[in-house]
Amino acid sequence: MAIAALTASALPTEAVRPPLSQLYRAQVLRVVDGDTVVVKFVDDGSPNPGSVPTHRLVELDIAGVDLPLEAQMQWSYFSGQYLQDRINRQTVYVELIEPPSLDDSIFPAYLWQGNTLINEEVLIFGHAIQETEPIDTKYLNELLAAEEVAQKQGRGIWNWYSPLPKTPAQFREQQGESL
């Protein structure tokens, strides 16, 4: 499918979901912000039973996306609100990037709902930008294509009338210099 033809109505996204037997099922209990959610893994015969902490709440970092910071007000609000509306209190399937360790406090992951890669969907609707230094490149092409669609269509932070003035990385750098 050509990038220009990819629109919201074309969802499910371009990424191809692995078989469910390779993913962990989880209940989203809370959306912390636009790229962090708190989940409870469901012990239901997922891969490597017992390898994820089903006994406690776990924070997942939505991999591959960089969100506007809280100080970037309206853009940050809409990013978090989108996830809140989309997956809060929903069941998702989690594709962990690294093998889980019970000592980890946050797990970088790809989130799936049906055949839709939530990480990609956040980008295609313009609620985030692609991470400049991703920790994983498995879906890099799909994530970059989704960001390009959002840019071309003027969605979210790419809005032609009120775009995000600085990327989150630029904003963090500026804030570090002013401290």
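Read the figures in this text as sums done on the coordinates, not as results from a lab. Since the model is a prediction, treat every value here as computed from it, not as a measurement. Neighbour counts run over all protein chains shown; Cβ positions are idealised from the backbone, glycine included.
Some points to look at:
- Residues with amide H under 5 Å from that of Gly126, placed H, sequence gap 5 or more: none
- Computed lengthening from Arg30 to Arg56, 0.36 nm per intervening residue step minus Cα-Cα distance: 8.0 nm
- For region 70-179, diffusion coefficient by Stokes-Einstein and Kirkwood Rh (Cα), 10 °C, 1.306 mPa s, µm²/s: 103 µm²/s
- Prolate/oblate/rounded call for region 124-179, Cα gyration tensor, a/c under 1.5 rounded: oblate
- Nearest-0.05 FRET efficiency for Asn141 and Gln90, computed from C-beta distance (R0 22 Å): 0.25
- Estimated FRET transfer efficiency when R0 is 41 angstrom, pair Thr167-Ser21 (beta carbons, to 0.05): 0.65
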